[in-house]
Amino acid sequence: MNVVLIAVVSLDGRITRPGEPGPGFASPGDQRWFREALRGFDCCVMGRKTFDAIPPGGPEAATRLRVVMTRSAAGRTAVAGVEFSAAAPAEIVAGLRARGFHRCALLGGGQIYAQFLDAGLVDAMWLTLEPVVLGGGTPLADGIVLGANFTLTESRRLSHDTLLLHYQRAGRPLMPLPPIPA
Ligand SMILES: NC(=O)c1ccc[n+]([C@@H]2O[C@H](COP(=O)([O-])OP(=O)(O)OC[C@H]3O[C@@H](n4cnc5c(N)ncnc54)[C@H](OP(=O)(O)O)[C@@H]3O)[C@@H](O)[C@H]2O)c1
(Lines give C-alpha, C1' and ligand atoms only; values in the text may rest on other atoms or scores of the structure.)
Protein backbone atom coordinates (compact mmCIF):
# COMPACT_ATOMS: atom_id res chain seq x y z
CA MET A 1 0.00 0.00 0.00
CA ASN A 2 1.21 3.51 -0.84
CA VAL A 3 1.05 6.46 1.53
CA VAL A 4 0.95 10.01 0.19
CA LEU A 5 1.21 12.99 2.52
CA ILE A 6 -1.06 15.79 1.26
CA ALA A 7 -0.88 19.28 2.76
CA VAL A 8 -1.17 22.95 2.00
CA VAL A 9 1.69 24.92 3.56
CA SER A 10 2.72 28.54 3.93
CA LEU A 11 6.12 29.80 2.80
CA ASP A 12 7.31 29.37 6.40
CA GLY A 13 6.10 25.77 6.60
CA ARG A 14 2.88 26.20 8.59
CA ILE A 15 -0.35 24.31 8.03
CA THR A 16 -2.62 26.60 10.10
CA ARG A 17 -2.75 30.29 10.90
CA PRO A 18 -1.67 31.13 14.47
CA GLY A 19 -4.50 30.34 16.88
CA GLU A 20 -6.92 29.23 14.14
CA PRO A 21 -7.67 25.58 13.34
CA GLY A 22 -8.04 24.48 9.73
CA PRO A 23 -6.15 25.41 6.56
CA GLY A 24 -7.96 28.72 6.21
CA PHE A 25 -5.16 30.23 4.10
CA ALA A 26 -5.62 27.66 1.30
CA SER A 27 -6.42 29.30 -2.03
CA PRO A 28 -9.49 28.33 -4.11
CA GLY A 29 -7.14 26.59 -6.55
CA ASP A 30 -5.78 24.37 -3.79
CA GLN A 31 -9.26 23.56 -2.51
CA ARG A 32 -10.33 22.48 -6.00
CA TRP A 33 -7.18 20.41 -6.46
CA PHE A 34 -7.50 18.78 -3.03
CA ARG A 35 -11.00 17.51 -3.84
CA GLU A 36 -9.73 16.05 -7.12
CA ALA A 37 -6.60 14.56 -5.56
CA LEU A 38 -8.52 12.68 -2.89
CA ARG A 39 -10.55 10.77 -5.49
CA GLY A 40 -7.61 8.45 -6.12
CA PHE A 41 -7.43 7.14 -2.55
CA ASP A 42 -9.39 4.34 -0.95
CA CYS A 43 -8.49 5.29 2.63
CA CYS A 44 -7.03 8.14 4.63
CA VAL A 45 -5.45 8.71 8.04
CA MET A 46 -5.64 11.85 10.15
CA GLY A 47 -5.23 13.01 13.73
CA ARG A 48 -8.12 13.66 16.05
CA LYS A 49 -7.56 17.44 15.99
CA THR A 50 -7.67 17.51 12.20
CA PHE A 51 -10.83 15.39 12.21
CA ASP A 52 -12.48 17.75 14.70
CA ALA A 53 -11.59 20.76 12.51
CA ILE A 54 -13.19 19.38 9.33
CA PRO A 55 -16.48 21.07 8.44
CA PRO A 56 -19.38 18.71 7.67
CA GLY A 57 -19.46 17.68 4.01
CA GLY A 58 -15.74 18.23 3.40
CA PRO A 59 -14.04 16.18 0.68
CA GLU A 60 -12.26 14.13 3.36
CA ALA A 61 -15.56 12.40 4.17
CA ALA A 62 -16.75 11.09 0.78
CA THR A 63 -16.74 7.32 0.52
CA ARG A 64 -13.26 6.33 1.61
CA LEU A 65 -12.40 4.85 4.98
CA ARG A 66 -11.12 7.44 7.47
CA VAL A 67 -8.81 6.28 10.24
CA VAL A 68 -8.64 8.88 13.01
CA MET A 69 -5.75 8.57 15.45
CA THR A 70 -6.64 9.25 19.08
CA ARG A 71 -5.45 7.98 22.42
CA SER A 72 -9.02 8.04 23.73
CA ALA A 73 -10.93 6.08 21.09
CA ALA A 74 -13.27 4.63 23.68
CA GLY A 75 -14.88 7.98 24.39
CA ARG A 76 -15.75 8.77 20.77
CA THR A 77 -19.22 8.52 19.29
CA ALA A 78 -19.38 6.17 16.27
CA VAL A 79 -19.34 7.93 12.90
CA ALA A 80 -20.10 6.10 9.63
CA GLY A 81 -16.95 5.29 7.68
CA VAL A 82 -14.66 6.38 10.52
CA GLU A 83 -12.42 4.18 12.64
CA PHE A 84 -10.84 5.68 15.76
CA SER A 85 -7.49 4.08 16.45
CA ALA A 86 -4.83 4.25 19.15
CA ALA A 87 -2.44 2.08 17.12
CA ALA A 88 1.03 3.26 16.10
CA PRO A 89 1.54 4.49 12.50
CA ALA A 90 3.28 1.29 11.34
CA GLU A 91 0.48 -0.85 12.76
CA ILE A 92 -2.15 1.28 11.05
CA VAL A 93 -0.42 0.99 7.67
CA ALA A 94 0.12 -2.77 8.10
CA GLY A 95 -3.53 -3.21 9.08
CA LEU A 96 -4.81 -1.27 6.06
CA ARG A 97 -2.51 -3.24 3.74
CA ALA A 98 -3.68 -6.54 5.21
CA ARG A 99 -7.29 -5.53 4.57
CA GLY A 100 -6.58 -4.86 0.88
CA PHE A 101 -6.43 -1.07 0.78
CA HIS A 102 -4.12 0.29 -1.94
CA ARG A 103 -3.69 4.04 -1.57
CA CYS A 104 -3.72 5.95 1.68
CA ALA A 105 -3.90 9.76 1.86
CA LEU A 106 -2.13 11.04 4.96
CA LEU A 107 -4.11 14.15 5.90
CA GLY A 108 -2.32 15.49 8.95
CA GLY A 109 -2.10 17.40 11.08
CA GLY A 110 1.38 18.26 12.21
CA GLN A 111 1.66 15.57 14.89
CA ILE A 112 0.54 12.83 12.53
CA TYR A 113 2.72 13.99 9.61
CA ALA A 114 5.75 14.02 11.93
CA GLN A 115 5.16 10.50 13.24
CA PHE A 116 4.60 8.95 9.80
CA LEU A 117 7.62 10.77 8.36
CA ASP A 118 9.81 9.72 11.27
CA ALA A 119 8.67 6.11 10.88
CA GLY A 120 9.63 6.16 7.17
CA LEU A 121 6.06 5.41 6.10
CA VAL A 122 5.56 8.29 3.63
CA ASP A 123 6.22 7.35 -0.01
CA ALA A 124 5.48 10.77 -1.49
CA MET A 125 4.41 14.27 -0.51
CA TRP A 126 2.05 16.45 -2.52
CA LEU A 127 2.51 19.90 -1.07
CA THR A 128 0.67 23.04 -2.09
CA LEU A 129 2.85 26.06 -1.37
CA GLU A 130 0.79 29.19 -0.76
CA PRO A 131 2.43 32.61 -1.14
CA VAL A 132 1.99 33.72 2.45
CA VAL A 133 4.16 33.94 5.59
CA LEU A 134 2.16 33.19 8.75
CA GLY A 135 4.78 33.64 11.47
CA GLY A 136 3.18 30.98 13.68
CA GLY A 137 0.59 28.21 13.67
CA THR A 138 0.99 24.44 13.44
CA PRO A 139 4.18 23.33 11.65
CA LEU A 140 4.02 20.76 8.85
CA ALA A 141 5.92 18.32 11.07
CA ASP A 142 5.18 18.85 14.76
CA GLY A 143 7.76 16.56 16.35
CA ILE A 144 11.22 15.21 15.73
CA VAL A 145 11.74 13.68 12.29
CA LEU A 146 15.00 11.94 11.42
CA GLY A 147 16.19 10.96 7.97
CA ALA A 148 13.15 11.98 5.93
CA ASN A 149 14.82 13.00 2.68
CA PHE A 150 12.85 13.46 -0.52
CA THR A 151 13.51 14.27 -4.17
CA LEU A 152 11.52 16.87 -6.08
CA THR A 153 9.86 14.90 -8.89
CA GLU A 154 7.43 17.41 -10.34
CA SER A 155 6.14 20.94 -9.84
CA ARG A 156 3.05 22.60 -11.28
CA ARG A 157 1.26 25.91 -10.91
CA LEU A 158 -2.20 25.90 -9.33
CA SER A 159 -2.37 29.64 -10.02
CA HIS A 160 0.12 32.40 -10.79
CA ASP A 161 1.34 32.44 -7.18
CA THR A 162 0.57 28.94 -5.84
CA LEU A 163 2.81 25.97 -6.53
CA LEU A 164 2.03 22.27 -6.29
CA LEU A 165 5.13 20.24 -5.43
CA HIS A 166 5.58 16.49 -5.69
CA TYR A 167 8.36 15.08 -3.52
CA GLN A 168 9.18 11.42 -3.73
CA ARG A 169 11.05 9.14 -1.34
CA ALA A 170 13.88 7.24 -3.03
CA GLY A 171 13.14 3.61 -3.80
CA ARG A 172 9.38 3.91 -3.29
CA PRO A 173 6.69 3.50 -5.97
CA LEU A 174 6.19 6.67 -8.00
CA MET A 175 2.97 8.44 -7.00
CA PRO A 176 2.36 10.91 -9.88
CA LEU A 177 0.23 13.99 -9.34
CA PRO A 178 -3.34 13.68 -10.61
CA PRO A 179 -4.56 16.19 -13.22
CA ILE A 180 -5.27 19.72 -12.06
CA PRO A 181 -8.98 20.53 -12.47
CA ALA A 182 -9.77 23.31 -14.96
N1 LIG B 1 -2.82 22.84 5.97
C2 LIG B 1 -3.10 21.55 5.89
O3 LIG B 1 -2.94 20.92 4.84
C4 LIG B 1 -3.60 20.82 7.10
C5 LIG B 1 -3.68 19.43 7.04
C6 LIG B 1 -4.12 18.75 8.17
C7 LIG B 1 -4.46 19.43 9.31
N8 LIG B 1 -4.37 20.78 9.34
C9 LIG B 1 -4.70 21.50 10.59
O10 LIG B 1 -3.74 21.12 11.59
C11 LIG B 1 -4.37 21.20 12.85
C12 LIG B 1 -4.18 19.89 13.61
O13 LIG B 1 -2.82 19.53 13.68
P14 LIG B 1 -2.22 19.03 15.09
O15 LIG B 1 -0.80 18.66 14.83
O16 LIG B 1 -2.54 20.05 16.12
O17 LIG B 1 -3.11 17.77 15.44
P18 LIG B 1 -3.39 16.37 14.69
O19 LIG B 1 -2.09 15.81 14.22
O20 LIG B 1 -4.47 16.55 13.68
O21 LIG B 1 -4.01 15.50 15.86
C22 LIG B 1 -3.34 15.33 17.07
C23 LIG B 1 -4.10 14.31 17.88
O24 LIG B 1 -3.94 13.03 17.27
C25 LIG B 1 -3.89 12.04 18.27
N26 LIG B 1 -2.60 11.37 18.21
C27 LIG B 1 -1.38 11.88 17.93
N28 LIG B 1 -0.45 10.94 17.95
C29 LIG B 1 -1.07 9.79 18.26
C30 LIG B 1 -0.65 8.45 18.43
N31 LIG B 1 0.64 8.10 18.29
N32 LIG B 1 -1.56 7.51 18.77
C33 LIG B 1 -2.87 7.84 18.90
N34 LIG B 1 -3.34 9.09 18.76
C35 LIG B 1 -2.45 10.05 18.43
C36 LIG B 1 -4.11 12.75 19.61
O37 LIG B 1 -5.53 12.78 19.78
P38 LIG B 1 -6.22 12.74 21.25
O39 LIG B 1 -5.89 14.06 21.87
O40 LIG B 1 -7.68 12.55 20.95
O41 LIG B 1 -5.60 11.56 21.97
C42 LIG B 1 -3.60 14.15 19.31
O43 LIG B 1 -4.13 15.14 20.16
C44 LIG B 1 -5.86 21.47 12.61
O45 LIG B 1 -6.12 22.83 12.81
C46 LIG B 1 -6.03 21.10 11.16
O47 LIG B 1 -7.11 21.76 10.54
C48 LIG B 1 -3.94 21.50 8.27
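The values are calculated or read from the model by the stated rules, or taken from the named source; none is laboratory data. The structure presented is a predicted model; accordingly, all values stated were derived computationally and were not measured. Quick reminder, even Gly has a Cβ in these numbers, built from the backbone with ideal geometry, and neighbours come from all protein chains shown. Note: accessible area is taken over every heavy atom of the protein model, side chains too, but ligands, DNA and RNA are not part of it. Shrake-Rupley method; radii C 1.70, N 1.55, O 1.52, S 1.80 Å.
What the table below lists for this structure:
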item	result
Within a Gaussian network of the chain (alpha carbon springs, distance under 10 Å), most fluctuating of 30, 52, 118	52
Convex hull volume per residue for region 1-46, taking Cα atoms only, in Å³	90
Convex hull volume per residue in cubic angstrom - Cα atoms of region 48-96	85
Counting DSSP beta bridges with both ends in the chain, the antiparallel % (nearest 5)	40
Charge dipole (the chain, unit charges on Cβ, about Cα centre) - positive-most of 47, 34, 2	2
Charge dipole of region 57-182 about the Cα centre (unit charges at C-beta), most positive-ward option of 98, 160, 170	98
For the chain, calculated [θ]222 nm from helices alone, where every DSSP H run of n ≥ 4 adds -39500 (n - 2.57)	-5500 deg cm²/dmol
Rounded to the nearest 20 debye, dipole of the chain from Cβ charges on Lys, Arg, Asp, Glu	380
Whole-number accessible area per residue in Å² for region 50-182, which is evaluated in the context of all protein chains at 1.4 Å	51
Cβ crowding within 10 Å averaged over residues, with 7-20, 154-167, 74-87 ranked highest first	7-20, 154-167, 74-87
Sites residue 72 and residue 102, calculated FRET efficiency, Cβ-Cβ separation with R0 30 Å, nearest 0.05	0.50
Percent accessible area from carbon and sulfur atoms, the chain, protein chains only, probe 1.4 Å	55
Rh by Kirkwood over Cα pairs, then Stokes-Einstein D for region 32-178 at 1.306 mPa s and 10 °C, µm²/s	97
